Every structure is written in structure tokens, then in C-alpha cells.
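Chemist: Encoded as C-alpha cells, here's the structure I'll be asking about.
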Amino acid sequence: MNEQTNKWSLDDENTLIELVEKYEYKGKSKQEAFEMVANIINRSKAACSSRYQLLKKKQNSQYQTNHSIEVNQETDQNKSPSLELIIQFLSKEFNTLILIEENNQLQNKLLNLKAENEKLIKTINHKKADIQKKYVLLKPFVNK
């Protein structure tokens, strides 16, 4: 079991969120994702699950707080929001959605690159092992 008592780094949190979302996107369970992340960042599966739930809760409350403040400020100025305020609000929302989509695409690219990197590392390790085996077999003939 992987256990770590250190504070969570931003990289660990980002890795956790990215991999869990990627696993969900691929139709896999969160539990599988927590197990994978736990091995990668050297934490327990339960710690990953708890941290993920906490981060999602913070993210949702932050989103709701930010948007409710904007709407309240706009509607307090005039009891009924003007068309201009509605357009400004919707523009912000649209820009936010674009940024979220772009962020998701970049996260997917990052995950794909990490997976490709893992494959390449495995390939290199297999090639090294093959070379070492061949060296052991050929060594007696070379030293004669």
C-alpha cells in the first residue's frame, strides 16, 4: 500500500483530477482511477478518493459562489437586469465554457503524452534487457 503523509502538491492534485476524469471519460470506474493514481503519486487509494472528493467540492462551491456574486451584483444595480448586463453575463459564461473545453483538450493531450511516455519507457527497458541477454550470450566468444 502506498502511504504518504506529506502535503498534496499542485502537481499531485492535477494528476489526480486529470486521470480520474480521463478514466471516467473512457467509461472506467473512479476506483480504478484512484488505484492508478495512488501508484503514480505514491499515496493510498483512500487518500486519492478523499482528496478528489474535496477538490471537486471546492471547485463546485467556488464556481457557484463566483457566479452568484456576479448575478447578484448585476441584478442589485437594477432590480431587473438590462439586456446589456445579460449579454455581458452570457459572454463571460461563453468564454468560461471555451476555456474549460480548451483545458479539457489540453488535459487529454497531456494524459496521452504521459501514456505514450510510459510505453516508450517500457520499450526502452525491454530493449535494454534484450541487449543484456545477448551480451551475456556473446561475452564468452568475444573474450577468446
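The values are calculated or read from the model by the stated rules, or taken from the named source; none is laboratory data. Since the structure is predicted, the reported quantities are computational estimates derived from the model, not experimental observations. Every residue, glycine among them, receives a Cβ derived from its backbone with ideal geometry; neighbour counts consider all protein chains shown.
Chemist: Take the conditions surrounded by 10 or more Cβ atoms within 10 Å (Cβ to Cβ) and assigned to a helix (DSSP H, G or I) and apply them to Leu85. Does it pass?
Modeler: Considered against the rule, which asks whether it is surrounded by 10 or more Cβ atoms within 10 Å (Cβ to Cβ) and assigned to a helix (DSSP H, G or I), Leu85 comes out as yes.
Chemist: Those residues that are assigned to a helix (DSSP H, G or I) and surrounded by 15 or more Cβ atoms within 10 Å (Cβ to Cβ), I need them from region 6-31; list them, please.
Modeler: Asp12, Glu13, Thr15, Leu16, Ile17, Glu18, Leu19, Val20, Glu21, Lys22, Tyr23, Lys30
Chemist: Would it be correct to say that Thr75 is assigned to a helix (DSSP H, G or I), over 28 Å from Glu18 (Cα atoms) and modelled with pLDDT under 90?
Modeler: Numbers: assigned to a helix (DSSP H, G or I): yes; over 28 Å from Glu18 (Cα atoms): yes; modelled with pLDDT under 90: yes.
It is true that Thr75 is assigned to a helix (DSSP H, G or I), over 28 Å from Glu18 (Cα atoms) and modelled with pLDDT under 90.
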